[in-house]
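Q: Dropping the structure in here first, questions after.
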Amino acid sequence: MINLKSPSNSDPVRSTLNAILAAADIRKLKDKELAQLAGLRPETLSRMKTRGTADFTLIDRLARAVGLKLAVVPDDDQLERIQQGRFFT
């Protein structure tokens, strides 16, 4: 259930889907159950897994279904600049 097409997880959509699927796996949720919790048809989840692509709102619904929250965080360089008070310089 975890492995999508890209093993490197360099694609943010694929890596996010992988994280969601891993959380579902930990919770012992089958794909049909995950889809139902997210308000999706099982076929929709299957297509997302096969193609490795998804609409942001669908990813958010899946994340919430397994108790995850999507967030945008700064990369390490930006975080360091924020901590040093020089984000816009």
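The values are calculated or read from the model by the stated rules, or taken from the named source; none is laboratory data. Remember, it's a predicted structure, so these values are computed and weren't measured experimentally. When we count neighbours, we look across all protein chains shown, and the Cβ atoms used for this are built from the backbone with ideal geometry, even at glycine.
Q: Where residues in the stretch 31-44 are over 16 Å from residue 19 (Cα atoms) and either touching a Phe, Trp or Tyr at 6+ places or on another chain (Cβ under 6 Å) or of a type in the set (D, E, K, R) (or both), which of them is surrounded by the fewest Cβ atoms within 10 Å (Cβ to Cβ)?
A: 43
Q: Taking the stretch 49-73, which residues are assigned to a helix (DSSP H, G or I), at pLDDT 95 or above and touching a helix residue (DSSP H, G or I) at 6+ places or on another chain (Cβ under 8 Å)?
A: Residues satisfying the conditions are 58, 59, 61, 62, 63, 64, 65.
Q: Now for a separate question. Select, from 49, 28, the only residue that is at positive phi and basic (Lys, Arg).
A: It is 28.
Q: In addition: If we scan the stretch 12-34, do we find a residue that is out of contact with any strand residue (DSSP E or B) (no Cβ under 7 Å at 6 or more places or on another chain), of a type in the set (S, T, N, Q) and in contact (Cβ under 8 Å) with a residue 24 or more places away in the chain?
A: For the stretch 12-34, residues out of contact with any strand residue (DSSP E or B) (no Cβ under 7 Å at 6 or more places or on another chain), of a type in the set (S, T, N, Q) and in contact (Cβ under 8 Å) with a residue 24 or more places away in the chain: present.
Q: Something else: Taking the criterion of being modelled with pLDDT of 90 or more, under 26 Å from residue 73 (Cα atoms) and either β-branched (Val, Ile, Thr) or not in a helix (DSSP H, G or I) (or both), would at least one residue in the stretch 24-41 satisfy it?
A: Yes, some residue in the stretch 24-41 is modelled with pLDDT of 90 or more, under 26 Å from residue 73 (Cα atoms) and either β-branched (Val, Ile, Thr) or not in a helix (DSSP H, G or I) (or both).
Q: Sticking with this structure for a sec: If I filter the stretch 45-89 down to residues being under 15 Å from the mean Cα position of the chain (by Cα) and among the β-branched types (Val, Ile, Thr), which single residue comes out as surrounded by the most Cβ atoms within 10 Å (Cβ to Cβ)?
A: 59
Q: When residues of the stretch 12-23 are filtered for being modelled with pLDDT of 95 or more and surrounded by fewer than 16 Cβ atoms within 10 Å (Cβ to Cβ), how many remain?
A: The number of residues fulfilling the criteria is 1.
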